[in-house]
Amino acid sequence: MANYNKNVFIGTGGSAGINESHYLSALYGMERIMGRCDTPLRRILNEAQDRFCREMPLMFVLTVVESLTDGTKVVRGLYVGDSHDVFYRAGELSAQVNRFVVQPAPKTVVVTMNPTKYKRTWLANKAIYRTRMLVADGGTLVVIAPGVHSFGESSTVDQLIRKYGYVPTPQVLQRVAENPDLQENLGTAAHLIHGTPEGRFQVVYAPGSL
C-alpha cells in the first residue's frame, strides 16, 4: 500500500519538489510519520489530487502484506477505488498486522545490512530509520554494514554529508540557515535529520571500507 498518490506526483515539481517534500517530512519528525497515514505531506498530496486530478481516471489498487516470523509474505487485504478512503482503510489494516509493540524496549539492537544492496549510508541508514522507535532511551543501535564504502549517492551529496555530519536536528537547521550549499540540497539536509538519533540513543556503525 506504499506511496498511494505519491506515485502520481513524484517528480512533477522537479528537484525542488523532491527536496522540499523530503525536508518537510524530516522537520515533522520520523516518529510522527512512521506507521501513520495522516501526515502533513500526505495532506498536501491529497490536496493536489483533489485540485488537479478531477478529470483524470485514477484508480488505485492497494495491497496490505503481512510479514510472518518465518519471512513469508502474506496478502491480508486488497483495496480498490478512486477515493482517499481506499488508502486510509488499507492503512488501518496494515497497522493491525504490521505494527508491533516490544516491552520493555531493548537497550541494544543489532541490524545487519546486505552488502550487495547497501553500499552507502544514504540507503544503509534505513537501519536507523526503521529501528529508531524500537531502541530504548540511552540504548545502542549497532549497524553492521560491510558493503558501505561512502556516504552519498553522488559526489556532491557525499561531500555535503562529510562536511555537515549526522548531528541533531537543531544543528542541521542552523547549518541550513547559514549555508547556501545545504539550502540548495534540502533532500540532503532531510537525510541528515533522518540519520541522527537526536541524542536519545547512540549508533555504532561498522562499515566495510568507509
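So the values come out like this:
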read-out: Length gained when the stretch residue 12-residue 105 is fully extended (0.36 nm per residue, less Cα-Cα span); value: 29.4 nm
read-out: The stretch 108-207: projected area of the alpha-carbon convex hull, averaged over directions, in nm²; value: 5.9 nm²
read-out: Fluctuation leader among 42, 99, 132 - the chain, Gaussian network, Cα springs under 10 angstrom; value: 99
read-out: Relative contact order %, the chain, counting alpha carbon pairs below 8 Å whose residues are six or more apart; value: 21 percent
read-out: Cα-projected label distance for residue 209 with residue 154, points at 7 Å along beta-carbon direction, nm; value: 2.5 nm
read-out: If the convex hull is drawn through the Cα atoms of the stretch 6-98, its volume per residue in Å³; value: 115 Å³
read-out: Rounded to whole Hz, the Karplus (6.51, -1.76, 1.60) HN-Hα couplings of the stretch 80-89, x for glycine and proline; value: 10, x, 10, 10, 4, 4, 4, 5, 5, 5
read-out: Choice from 189, 90, 105 with maximal GNM fluctuation in the chain (Cα, 10 Å cutoff); value: 105
read-out: Under 5 Å, built H, 5+ apart or other chain: amide partners of residue 33; value: none
read-out: Projected-area average for the stretch 127-175 over all orientations - Cα convex hull basis, square nanometres; value: 4.6 nm²
read-out: Only Lys, Arg (+1) and Asp, Glu (-1) charged, at Cβ; the chain dipole about Cα centre in debye; value: 480 debye
read-out: Under the Karplus curve 6.51 cos²θ - 1.76 cosθ + 1.60, θ = phi - 60°, whole-Hz ³J(HN,Hα) for the stretch 23-36, x wherever Gly or Pro sits; value: 5, 4, 5, 5, 5, 5, x, 4, 5, 8, 10, 4, x, 10
read-out: Per-selection metrics, the chain (Cα): Rg and Dmax in Å; value: 18.6, 52
read-out: Share antiparallel - DSSP beta bridges, the chain, percent rounded to 5; value: 40 percent
read-out: Linear extension gain, residue 137 paired with residue 65, 0.36 nm per residue minus alpha-carbon span; value: 22.9 nm
read-out: Amide hydrogen neighbours beyond the local backbone of residue 139, cut-off 5 Å, H modeled; value: 202
read-out: The stretch 108-207, dipole about Cα centre (Lys/Arg Cβ +1, Asp/Glu Cβ -1), debye to the nearest 20; value: 340 debye
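Each reported figure results from applying straightforward, stated rules to the coordinates on display, with no laboratory input. Not measured: the values here are computed from a predicted model. As a convention, Cβ positions derive from the backbone with ideal geometry for all residues, glycine included, and neighbour counts pool all protein chains shown.
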